[in-house]
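Note sheet for the following structure.
The values are calculated or read from the model by the stated rules, or taken from the named source; none is laboratory data. Worth saying up front: this structure is predicted, and the values here are computed from it rather than measured. As a convention, Cβ positions derive from the backbone with ideal geometry for all residues, glycine included, and neighbour counts pool all protein chains shown. Heavy atoms of the whole protein, side chains included, go into the accessibility calculation; ligands, DNA and RNA do not. Shrake-Rupley method; radii C 1.70, N 1.55, O 1.52, S 1.80 Å.
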Amino acid sequence: MSTTKKAKKHGAGHDAPQHARTRPTTLDPDWEVAPTESLRAPVGFDLAAFDRGSTPGFAGGKAAGQALVARHADELSELQERLFAEGRSGGSRSVLLVLQGMDTAGKGGIVRHVVGLVDPQGVAHRSFGVPTPEEREHDYLWRIRRALPEPGYIGVFDRSHYEDVLVARVDALVPPDVWEARYDEINRFEEEIVASGTIVVKVALLVSYEEQRARLMERLERPDKFWKYNPNDVDSRQKWPAYQEAYQAVLDRTSTEIAPWHVVPADRKWFARLAVSELLLDALRRLDLGWPPADFDVEVEKKRLAAT
Ligand code: AMP
Ligand code: MG
């Protein structure tokens, strides 16, 4: 404690004071550029030129990346608890993590290894597959709206409304004028969500064509991975260029100021997990969460309890 004081007095303190422990302002030295910057899809982003084995902004290797995830786990967990507490106390805020990516990009691994660091009670996880008959009776955003996180929750979408401009476009599930109109609709929809108090964190997990092949092959070679394999995955893979074009359009047209896309190279699983954990942590830090005050008289309650 005294060293902190001393450092402060001399104006050289890098340690955040104790009360702000969950909001450090300094970046871990292994990040040469903050992940929120290095991973944010810039205007004019070129998907074809993106190195899917790279680690943008991060100077460390696998061990350093894994260590950083572990080091930030407690903070992530505490901030999630604060968010949950706020939601229980009349707050209206939430976080929505949108995970998009081709098969094998690692969406499930992110859920297990990153989202799994926080209390599952506070997580609203939803994966979106081929629409059910009931879902098909409604507008494509119907099932999405119903799955939005309640106040206090971290919502996690494994695939999302973006499938309706990805697979829907590639497989011509709807006419071009229909999917064409969806980009603006999605932007307006996300504006609404953000205005209602949700921080939207959009992550495109970008796996390379070669790495996808290797991961699919592994699923075919290991009986413990058969369950992850779907023959349709190869059909989608055969349409790789069309999917890349559709992803490029998503990044060009739906990366907005209020809900920007982050492009995360996914060939190194450790990096993708680090990247998403840092983006999630940043979102929670931005909420500047406190603890809700007691809505009862603490002293009165202490006396009542002591008398029992
Ligand atoms: P998985 O995430 O591996 O379980 O696969 C889910 C499948 O559902 C993927 O092939 C998606 O392309 C597909 N899917 C998700 N959303 C939609 C949608 N709105 N329309 C058609 N197919 C979809
Ligand atoms: Mg799959």
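Here are the numbers for the structure shown:
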{"quantity": "Rounded to 10°, Cα long-axis angle of helix 176-195 versus longest principal axis of the chain", "calculated": "0 degrees"}
{"quantity": "Cα-projected label distance for GLN238 with ARG112, points at 7 Å along beta-carbon direction, nm", "calculated": "2.9 nm"}
{"quantity": "Residue-level accessible surface for TYR209, protein heavy atoms, 1.4 Å, Å²", "calculated": "100 Å²"}
{"quantity": "Contour minus Cα-Cα distance for VAL194 and ARG286 (0.36 nm per residue)", "calculated": "31.8 nm"}
{"quantity": "Count of lysine pairs in the range 189-308 with Cα separation under 22 Å (8 or more residues apart, or interchain)", "calculated": "4"}
{"quantity": "Average accessible area per residue (Å²) across the chain - probe 1.4 Å, nucleic acids and ligands excluded", "calculated": "53 Å²"}
{"quantity": "Sites ILE258 and ASP295, calculated FRET efficiency, Cβ-Cβ separation with R0 22 Å, nearest 0.05", "calculated": "0.10"}
{"quantity": "³J(HN,Hα) computed for each position of the range 72-86 - Karplus, 6.51 cos²θ - 1.76 cosθ + 1.60, integer Hz, glycine/proline x", "calculated": "8, 4, 5, 5, 4, 5, 5, 5, 4, 5, 5, 4, 4, 4, 4"}
{"quantity": "Length-normalised contact order for the chain - Cα pairs under 8 Å, 6+ apart - percent", "calculated": "28 percent"}
{"quantity": "Net +/- balance of residues flanking MET102 in space, Cβ distance below 11 Å, scoring K and R +1, D and E -1", "calculated": "+3"}
{"quantity": "Heavy-atom SASA rank of PHE50, PHE296, PHE157 (probe 1.4 Å, accessible area, largest first)", "calculated": "PHE296, PHE50, PHE157"}
{"quantity": "Length added when fully stretched, ALA85-TRP227, from 0.36 nm per residue minus Cα-Cα", "calculated": "47.4 nm"}
